Amino acid sequence: MPAGIAADGQLNFHQLYIFYAVASRGSFSRAAEALEITQPAVSIQIQELEKSMGVTLLHRRSRGVRVTEIGETVFAYAQQIFSLSDKLLETVQELEDLKSGHLTVGASTTPGEFILPSAIGGFRQTFPGIQAELIIGNTRTIIQRLLTREMDLGMVGERPEEHSADLEMVHFCDDEIVVVAAPSDPIANVGRLTPQQVVEHGVIVREHGSATRQAAESHLAALGAEPHAVLELGSNQAVKQAAAAGGGVGVISRLGIAAEVKAQMLVVLEIEGWNCRRPLTLVYPKDRYLSPAQRAFRKYMLAQRPGI
């Protein structure tokens, strides 16, 4: 195998760079000075490159060198190669400095609507060059996409213990689930309610499979009240709107009703024995290389945990 070409048939890029330096400056001596090597060393490397390629790249003259026709072609490609090399190093440095990058974050509905949008927005205030995508879905979908490395980090309302071998799980906060009604709804003026009064009035819930619904119905059953949904809706926003319109009492995370309570569109009902909470969990793959942006966002989210 010729000296300028590796065993796999690739060019010796050190020799190519020396040729590029000579062709750019039109002189062995100026190239040697720029590269901080001796002029004979430059000459030897050029000869080895020409030998390996089987062509003449430079015409040697007493007053410098002239690039041959083939040398012009090699020089043009070398320009592209080293321009891309510079761009590669620049891009890597930007990623390390968090001036660029991409995040794909997944969440179940409640954290996806009420926690992560503001968290991602706050993160991007610090690192505006990082692009972020938030995907909202059910917990099963989020977990599956984390396992297949389609997402970098997720937040879900059910701790997926069956995947503990593959996923890191960190408690983020407790999500308090409350029951709300319109201020004009007669039930809002009763005072302290029994769980039975709540279910008899008619409960507005999310769709089957919603962790919020499951937690609330289990809690009502534990308090001796058989849950009875009069209206099933596909989003937290729809639950709030239906309750505010007087369609029944809505079951929802306290995280999502601050604005409506402040605007007196909804009131939180006081119910005997009611203390319905569920953990929200940060989830991310174990033993995975994390880009600088992914590492920074994970660190940011861990620092956002209440009480941290």
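The values are calculated or read from the model by the stated rules, or taken from the named source; none is laboratory data. Source: prediction; values computed, not measured. So basically every Cβ, Gly included, is an ideal-geometry build from the backbone, and we count neighbours across all protein chains shown.
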Query raised in the report: What number of residues within the stretch 28-64 are modelled with pLDDT under 90 and at negative phi?
Result: 4
Report task. Taking only the stretch 53-81 into account, find how many residues are hydroxyl-bearing (Ser, Thr, Tyr) and free of Cβ contacts under 8 Å to residues at least 12 places away in the same chain. Result -> 3
Report task. Answer yes if at least one residue in the stretch 155-175 is crowded, with 21+ Cβ neighbours inside 10 Å, part of a loop (DSSP other than H, G, I, E, B) and among the charged types (D, E, K, R), and no otherwise. Result -> no
Query - Single residue of the stretch 206-241 satisfying the filter (β-branched (Val, Ile, Thr) and surrounded by 21 or more Cβ atoms within 10 Å (Cβ to Cβ)) that is nearest to residue 158 (Cα to Cα) - result: 212
Report task. Scan the stretch 210-239 and report the pairs whose first residue is over 13 Å from residue 250 (Cβ atoms) and whose second residue is of a type in the set (Phe, Trp, Tyr) and part of a loop (DSSP other than H, G, I, E, B), with Cβ atoms within less than 9 Å and a gap of 6+ or a chain change. Result -> 219/274; 220/274; 223/274
Query raised in the report: Residues in the stretch 189-208: is at least one at pLDDT 95 or above, assigned to a loop (DSSP other than H, G, I, E, B) and not assigned by the TED database to the domain that holds residue 142?
Result: yes
Query raised in the report: Among 71, 101, 106, which is surrounded by 13 or more Cβ atoms within 10 Å (Cβ to Cβ) and on the phi > 0 side of the Ramachandran plot?
Result: 101
Query raised in the report: With respect to residue 143, is the statement that it is surrounded by fewer than 21 Cβ atoms within 10 Å (Cβ to Cβ), among the β-branched types (Val, Ile, Thr), in the same structural domain as residue 283 (by the TED database) and assigned to a helix (DSSP H, G or I) true?
Result: no
Query raised in the report: Using beta carbons and a limit of 7 Å, which pairs, at least six apart or on different chains, have the first residue in the stretch 82-102 and over 25 Å from residue 20 (Cβ atoms) and not assigned by the TED database to the domain that holds residue 291 and the second one exposed (fewer than 11 other Cβ atoms within 10 Å of the Cβ) and modelled with pLDDT of 85 or more?
Result: none
Report summary line: Log entry, pairs with first residue in the stretch 12-24 being farther than 20 Å from residue 64 by Cβ, second being polar (S, T, N, Q), beta carbons closer than 6 Å, six or more apart or on different chains, reads none
**Report entry** Residue under evaluation residue 245, criteria (1) of a type in the set (Gly, Ala, Ser); (2) at pLDDT 95 or above; (3) touching a Phe, Trp or Tyr at 6+ places or on another chain (Cβ under 9 Å), criterion not met
**Finding:** (3)
Query raised in the report: Does residue 178 meet the test of being buried (at least 20 other Cβ atoms within 10 Å of the Cβ) and either at pLDDT 90 or above or of a type in the set (A, V, I, L, M) (or both)?
Result: yes
Query raised in the report: Under the condition of being among the small types (Gly, Ala, Ser) and surrounded by fewer than 16 Cβ atoms within 10 Å (Cβ to Cβ), which residue from the stretch 185-205 is nearest to residue 139 (Cα to Cα)?
Result: 202
Query raised in the report: Out of (1) in a strand (DSSP E or B); (2) more than 23 Å from residue 207 (Cβ to Cβ), what's the single condition that is false for residue 118?
Result: (1)
Requested in this report: Return yes or no: is residue 269 at pLDDT 95 or above and either buried (at least 21 other Cβ atoms within 10 Å of the Cβ) or not assigned by the TED database to the domain that holds residue 194 (or both)?
Outcome: yes
